[in-house]
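A short write-up of the structure that comes next.
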Amino acid sequence: MWWYNSLGGNDYLNCIVPYSDSDYIDNRPNVRLTEDEVIPLDNGYGLNPSMGPIKELYDQGKVAIIHGVGYPVPNRSHFRSMDIWHTAEPTKVGEQGWLGRAINEITPDGENVVVAVNFGSALPRALVAPGAPVATVSNLKTYGLLNHIGENDQRTQALDAFRKMYASAIGTGPVIDYLSKTGLDALRGADILSSVPETYTSTVEYAQNPFAQNIKGAAQVLQADIGTRICYTQYGSFDTHTNELALQGKLWTDVAGGIYDLYADLKEHNASDDVLIFVFSEFGRRVKDNGNGTDHGSGGVSFLIGDHVEGGHYSEYPSLAADKLVAGDLAFNLDFRSVYTEILEDWLEVDAKLIVKGTYEKVGCFN
């Protein structure tokens, strides 16, 4: 399982482009992609010209495009909307991440300390829950504890001292027990993950941008057979208030190329059958451009990619007609918790109702 979250609100209309829709043409006099610019898709849509690698996977039947994804009463704040997606709590401030809750269902005793690996400098709220073990990695090559100690014997002695310190504190109270277990889990996770690059080989040459390097790390972990079920990373910002066409194009060049390389790498190692890629953004952009970009909107597009995906279009592309918009934005057609339900039950094999706190009809993306 692998997640990618685009920060900042990816412009749905210039991602899956309704290039011949008169409402699109009228509302986007400046920030518009024309028929001769897009990559022809089907059903009257085209892909952003930077999404060629995604089109290759789509043609292989590996990409489900999920239209109109959102939630009731859309919020146009990055922070609040991200919080809603991360906690699956649209009506209140959630305390736990939906994947954090799923991790606790997958490993209730917390023994698998590398069940989830986040690639980035900060832990997303989606992965946060009491007792949920998650390793956050910036660079697998340099990952570990006390790596600044060059002498191996000295580093070994220091790590042994840390282990003894954490272990001896267990049993002295619930708070200290929690801190001690967290410390010991970090040591165990560091030992496991630091050895992963040594076993990895691939003919795939990833780009040098941060996104590509993060997903190369995910490929290494997923192929190492260390028990990891969830990898996560974020990229952006897609907050294209100005200079949108160039900025979104560059971002999708990085993202589309990285996803294609990840799939190719997994395929090369006979591991693509075991991985599902989920791509989402917290909201879309407004239907009408602002002259050189677009502002925060609602209604977005998500992607599920992998061998077990039944490729094609799911849900409906929201209408751009003026009387169908919500305060000038696209209306959502599909609650994002329906996508979560499908992933949780069909892929992670946990009870979705425990995670999303309700019953949501599945999208039907898996073969």
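Can we say His78 is open to solvent by 20 Å² or more (accessible area, probe 1.4 Å), in contact (Cβ under 8 Å) with a residue 12 or more places away in the chain and closer than 16 Å to Phe283 by Cβ?
Details: open to solvent by 20 Å² or more (accessible area, probe 1.4 Å): yes; in contact (Cβ under 8 Å) with a residue 12 or more places away in the chain: yes; closer than 16 Å to Phe283 by Cβ: yes.
Yes.
Of all the residues that make up segment 101-121, how many are more than 14 Å from the chain's Cα centre (by Cα) and either assigned to a helix (DSSP H, G or I) or surrounded by fewer than 20 Cβ atoms within 10 Å (Cβ to Cβ) (or both)?
Total satisfying the criteria: 13.
Quick one: which residue in His241, His269, His308 is open to solvent by 50 Å² or more (accessible area, probe 1.4 Å) and in contact with a strand residue (DSSP E or B) (Cβ under 7 Å, 6 or more places away or on another chain)? Give the derivation first.
Working: His241 fails: in contact with a strand residue (DSSP E or B) (Cβ under 7 Å, 6 or more places away or on another chain); His269 fails: in contact with a strand residue (DSSP E or B) (Cβ under 7 Å, 6 or more places away or on another chain).
Exactly one of His241, His269, His308 is open to solvent by 50 Å² or more (accessible area, probe 1.4 Å) and in contact with a strand residue (DSSP E or B) (Cβ under 7 Å, 6 or more places away or on another chain), namely His308.
Reported count of residues in segment 333-355, each being buried (at least 21 other Cβ atoms within 10 Å of the Cβ) and at pLDDT below 95, is 0. Among the residues of segment 205-238, those that are of a type in the set (Val, Ile, Thr) and open to solvent by 10 Å² or more (accessible area, probe 1.4 Å) comprise Ile226, Thr228.
Given the criteria surrounded by fewer than 16 Cβ atoms within 10 Å (Cβ to Cβ), at pLDDT 95 or above and over 16 Å from the mean Cα position of the chain (by Cα), does Asp289 qualify? When the stated conditions are applied, Asp289 does not pass them.
In this structure, is Tyr260 surrounded by fewer than 22 Cβ atoms within 10 Å (Cβ to Cβ), touching a residue at least 40 places away in the same chain (Cβ under 8 Å) and more than 19 Å from the chain's Cα centre (by Cα)? Give the steps one after another, and end with the answer.
Values: surrounded by fewer than 22 Cβ atoms within 10 Å (Cβ to Cβ): yes; touching a residue at least 40 places away in the same chain (Cβ under 8 Å): yes; more than 19 Å from the chain's Cα centre (by Cα): no.
When the stated conditions are applied, Tyr260 does not pass them.
Residue selection: Val287 satisfies the criterion of being β-branched (Val, Ile, Thr) and touching a Lys or Arg at 6+ places or on another chain (Cβ under 9 Å).
Being touching a residue at least 60 places away in the same chain (Cβ under 8 Å) and not hydrophobic (A, V, I, L, M, F, W, C) narrows it down to one residue among Asn10, Asn104; which is it? Steps first, answer last, please.
Values: Asn104 fails: touching a residue at least 60 places away in the same chain (Cβ under 8 Å).
It is Asn10.
Mind listing just one residue for me: the one in segment 1-50 that is part of a loop (DSSP other than H, G, I, E, B) and of a type in the set (Val, Ile, Thr) and, of those, surrounded by the most Cβ atoms within 10 Å (Cβ to Cβ)? By that ranking, first place goes to Val31. Of all residues in segment 202-246, those being among the aliphatic types (A, V, I, L, M) and touching a residue at least 60 places away in the same chain (Cβ under 8 Å) number 8. Against the condition open to solvent by 10 Å² or more (accessible area, probe 1.4 Å) and within 26 Å of Leu334 (Cβ to Cβ), how does Val63 come out, does it pass? Against the criterion (open to solvent by 10 Å² or more (accessible area, probe 1.4 Å) and within 26 Å of Leu334 (Cβ to Cβ)), Val63 does not qualify. If a residue has to be over 16 Å from Pro210 (Cβ atoms), at pLDDT 65 or above and open to solvent by 50 Å² or more (accessible area, probe 1.4 Å) to count, how many in segment 122-159 make the cut? Total meeting the criteria: 4. Say we look at segment 356-367 and pick out the residues that are under 14 Å from Tyr314 (Cβ atoms) and touching a residue at least 40 places away in the same chain (Cβ under 8 Å); which of these is surrounded by the most Cβ atoms within 10 Å (Cβ to Cβ)? Applying the filter and picking the extreme gives Cys365.
Checking each residue in segment 198-238 for being assigned to a helix (DSSP H, G or I) and touching a Gly at 6+ places or on another chain (Cβ under 6 Å) picks out Phe211, Ala212, Ile215.
Across segment 244-255, which residue is nearest to the chain's Cα centre (by Cα) among those that are surrounded by fewer than 22 Cβ atoms within 10 Å (Cβ to Cβ) and aliphatic (A, V, I, L, M)? This residue is Leu247.
The values are calculated or read from the model by the stated rules, or taken from the named source; none is laboratory data. Nothing here was measured: the structure is a model prediction, and the numbers come from that model. No Cβ is skipped: glycine too gets one built from the backbone with ideal geometry, and neighbour counts run over all protein chains shown. Only protein heavy atoms, including side chains, enter the accessible area calculation; ligands, DNA and RNA are left aside. Shrake-Rupley method; radii C 1.70, N 1.55, O 1.52, S 1.80 Å.
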